[in-house]
Structure formats: C-alpha cells, structure tokens
Amino acid sequence: MSETAKPASPRILVVRLGAMGDIIHTLPAAASLKRSFPGSHLTWLVEPQWTALLEGNPFVDRVVPLRRKSLAGLFESWRTLRSGGYDFAVDFQGLLKSALAAACARPERIFGFHQSQLREPAAALFYSSKILSHAAHVVDKNLDLAAGAGASSLLHTFPLPPGRPEGDLPDGDFVLASPLAGWRAKQWPIEHYQALAARLMRELAVPLVLNLPPSAVFAGADDRNAALPHVSGLPGLIYATRRAAAIVGVDSGPLHLAAAIGKPGVAIYGPTDPARNGPYGGSMKVLRLAAAGTTYKRGGQVADSMRRVSPDEVFAALRALLAERRHGVGSPAR
C-alpha cells in the first residue's frame with residue numbers, strides 16, 4: 001500500500017491500552033476513523049480493566065483485551081491480534097508497549113505521534129507514519145492523529161455506556177467526587193472534601209458522595225455531615241456520575257468521564273495544565289491557583305497548589321452550578 005492509498009473499507013486497529021481518562025479522550029478519534037471509512041471494521045486493543053468503557057460503542061466493532069498478567073493470556077492476545085488482518089493501526093498511546101502491541105498485529109501501516117511528542121520516543125521506531133500535532137488539548141491531538149491516518153470526518157462525540165447501579169446512593173440530589181488520582185500530587189486533600197461535605201449539607205442539604213474502587217480504604221468521619229463513601233467498580237462509577245447533580249474532580253479518569261457526559265462540576269487543578277489535560281467541553285468550572293507551576297513529574301505528595309484551592313472556593317462554585325441546575329440553566333447531559 002502506498003503512502004497515501006488506503007482501502008475504502010479497511011480493517012482498523014486502535015491501540016489505547018489505558019488508563020480511564022486517556023481512553024475517554026480517544027473516543028472521538030476512534031469514532032472519526034470509523035465514520036470516515038464506511039464499511040470499515042474497527043478493533044480496539046485495551047487493558048482488560050477498561051473494557052467496560054467501550055461497551056455498546058457504535059463505532060467499535062470488536063474489543064480485544066491485552067492480557068499481560070500470564071503467559072497464557074499474553075499468547076491468547078497475541079494470537080487474536082495476528083489473526084486480525086489489519087490494514088492499518090493507530091497507536092494513540094505512544095509508549096513502547098503500545099507500539100510493540102500494534103506491531104505484533106502485523107498491520108500494513110502503523111500511525112503514531114511524532115517522536116518529539118512521545119513520552120517514550122523510541123516507540124516511533126515502530127511507526128510507518130509519524131504525525132505532528134499542534135493542538136493544545138489531548139482530545140484534539142488525538143483527532144489530529146486520526147486525521148493523519150485518513151479520517152476526513154472528525155467527530156466530537158463520547159459514546160459511553162449507561163453503567164449500572166452498584167452500592168448505595170442517596171435518593172435525591174448529591175454531589176459526586178472521586179478523590180483518587182493516578183499520582184498523589186494531583187489529589188485534593190481528604191480533609192478538604194470533609195470540609196466541603198459539611199458545608200454542602202449544612203447550607204444546601206446536598207450530600208457529598210466519594211466514589212472509591214473496591215481496593216480503597218476510606219476512614220470517613222462518624223458525622224451526619226461527613227462525605228458518604230460509595231464503593232463500586234467502573235460500571236457503578238458511570239451510573240453514579242450520570243445520576244449526580246454535579247461533580248467535584250481532579251485530573252483523573254472520573255473527572256474526564258463526567259466532562260464527556262456533559263455533567264456540570266468543579267475541576268480542581270494544580271501541577272497539570274488544564275489547557276492540555278483539562279475537562280473537555282464547557283460543563284466544568286476549572287479552579288487552579290494562579291501561581292501553580294506545571295509539571296508532569298509523578299509526585300508522591302499532594303501538591304501545594306492543590307492544597308491551596310480551598311473548600312470555600314469549591315463550595316462557592318458548586319453553589320452557583322447547583323442554582324443554575326435548579327433553574328434549568330446550563331448544558332444538558334450527553
């Protein structure tokens with residue numbers, strides 16, 4: 001196949017293994033590829049714990065879990081990839097492991113980002129074509145890569161499943177927060193959540209619910225005004241997000257899930273740049289200290305720039321958003 005010629009109805013492999021927010025940020029690009037090639041067959045290679053994000057996606061024909069925890073699982077994934085007969089693959093992750101996985105599928109071409117835009121530049125050695133994006137936000141960077149791979153109809157859509165109930169949730173309105181993040185520097189102090197929960201209950205009679213994965217340990221206060229723990233897997237998080245009146249989030253997957261659904265909320269940022277990694281769309285108010293420095297070093301302690309965003313600031317922003325919701329103002333959920 002030549003540099004520009006591509007089959008009209010190709011077999012496409014999308015590689016974005018994880019994590020939650022990154023997969024969500026790749027949904028529009030995958031949809032654009034599928035829409036741009038009528039009759040194409042699109043397969044998404046993903047780590048098993050994130051397959052629930054792709055359930056029922058109308059732009060994804062097949063989901064292949066990359067099972068790396070055992071030799072038998074790895075061999076099964078390798079054999080499935082080899083049998084795909086892909087015309088081209090698009091590596092949206094840009095790591096050696098994702099580029100190698102794309103290469104194992106033996107597509108005719110592999111598209112990826114230019115090595116200057118990769119965390120692991122050596123991954124570009126596996127690419128047939130390297131795309132340089134000038135976009136700021138990750139969603140738009142991924143759309144640039146999809147366009148470089150031949151997508152001519154770019155979609156800004158986030159097809160996500162409905163989720164399903166897990167654990168207990170309040171019957172009425174509640175604010176949902178997911179306090180964990182991939183690295184601790186991006187987290188907001190747990191005592192700030194408790195202070196926020198007290199004000200929400202005292203002044204608005206709206207509880208704050210903290211969603212936690214089953215592996216997490218939460219020592220909540222024995223107080224009627226304390227935040228309520230909600231333990232669930234990914235489907236339960238999606239369901240709770242859809243039910244919530246508003247969201248409080250940090251730069252992590254649950255915030256990007258809420259933004260993709262179109263939920264109103266408050267996004268608290270510190271070390272990472274919201275222009276690149278912020279909530280996509282206009283439903284969220286971003287709070288970030290003006291003096292916050294940008295770094296992507298995976299700090300092991302809560303960043304000072306996160307700690308200095310006060311519960312009072314977050315409460316004020318939430319109160320305004322909830323008032324708009326009660327008066328029917330704002331964007332509907334997608």
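The selection criterion, being hydrophobic (A, V, I, L, M, F, W, C), part of a helix (DSSP H, G or I) and within 23 Å of the chain's Cα centre (by Cα), holds for LEU321.
Under the condition of being over 16 Å from ASP87 (Cα atoms) and open to solvent by 30 Å² or more (accessible area, probe 1.4 Å), the residues counted in the range 36-58 number 7.
Would you mind finding the one in ARG242, ARG184 that is among the basic types (Lys, Arg), open to solvent by 10 Å² or more (accessible area, probe 1.4 Å) and either farther than 30 Å from ALA292 by Cβ or within 16 Å of the chain's Cα centre (by Cα) (or both)?
Details: ARG184 fails: either farther than 30 Å from ALA292 by Cβ or within 16 Å of the chain's Cα centre (by Cα) (or both).
Of the residues listed, the single one that is among the basic types (Lys, Arg), open to solvent by 10 Å² or more (accessible area, probe 1.4 Å) and either farther than 30 Å from ALA292 by Cβ or within 16 Å of the chain's Cα centre (by Cα) (or both) is ARG242.
Can you say whether ALA31 is open to solvent by less than 20 Å² (accessible area, probe 1.4 Å) and of a type in the set (Gly, Ala, Ser), as far as the supplied structure shows? Judged against the criteria, ALA31 is a match. Can you spot a residue in the range 182-195 that is closer than 26 Å to ASP22 by Cβ and free of Cβ contacts under 8 Å to residues at least 12 places away in the same chain? Yes, that holds for at least one residue. Taken residue by residue, the range 325-333 has at least one member that is closer than 18 Å to ALA177 by Cβ, under 17 Å from the mean Cα position of the chain (by Cα), modelled with pLDDT under 95 and not in a helix (DSSP H, G or I). Screening the range 286-318 for residues that are assigned to a loop (DSSP other than H, G, I, E, B) and of a type in the set (D, E, K, R) and picking the one that is modelled with the highest pLDDT gives ARG308.
Checked against the criteria, ALA103 counts as touching a helix residue (DSSP H, G or I) at 6+ places or on another chain (Cβ under 6 Å), in a helix (DSSP H, G or I) and open to solvent by 20 Å² or more (accessible area, probe 1.4 Å). On inspection, ALA136 fails the criterion of being closer than 27 Å to PRO38 by Cα, among the small types (Gly, Ala, Ser) and at pLDDT 95 or above. Which one of these is without any contact (Cβ under 8 Å) to a residue 24 or more places away in the chain and either outside any strand (DSSP E or B) or open to solvent by 50 Å² or more (accessible area, probe 1.4 Å) (or both): PRO235, PRO279, PRO271, PRO229? None of the others qualify; the one that does is PRO229. Scan SER178, SER215 and give me the residue that is closer than 27 Å to PRO271 by Cα, among the small types (Gly, Ala, Ser) and touching a residue at least 40 places away in the same chain (Cβ under 8 Å). Sole residue among the options that is closer than 27 Å to PRO271 by Cα, among the small types (Gly, Ala, Ser) and touching a residue at least 40 places away in the same chain (Cβ under 8 Å): SER178.
Just checking, which of SER129, SER116, SER133 is touching a residue at least 40 places away in the same chain (Cβ under 8 Å) and either over 29 Å from THR295 (Cβ atoms) or among the small types (Gly, Ala, Ser) (or both)?
Values: SER116 fails: touching a residue at least 40 places away in the same chain (Cβ under 8 Å); SER133 fails: touching a residue at least 40 places away in the same chain (Cβ under 8 Å).
Matching residue, one of SER129, SER116, SER133: SER129.
For the range 47-75, the set of residues classified as at pLDDT 95 or above and outside any loop (DSSP other than H, G, I, E, B) consists of PRO48, GLN49, TRP50, THR51, ALA52, LEU53, LEU54, ARG62, VAL63, VAL64, PRO65, listed by residue number.
Here LEU145 meets the list (1) touching a residue at least 12 places away in the same chain (Cβ under 8 Å); (2) under 23 Å from PHE113 (Cα atoms); (3) assigned to a loop (DSSP other than H, G, I, E, B) almost entirely, failing just condition (3).
The values are calculated or read from the model by the stated rules, or taken from the named source; none is laboratory data. Source: prediction; values computed, not measured. Note that each Cβ is placed from the backbone with ideal geometry, even for glycine, and that neighbours are counted across all protein chains shown. The accessibility values were calculated without ligands, DNA or RNA, using every heavy atom of the protein model including side chains. Shrake-Rupley method; radii C 1.70, N 1.55, O 1.52, S 1.80 Å.
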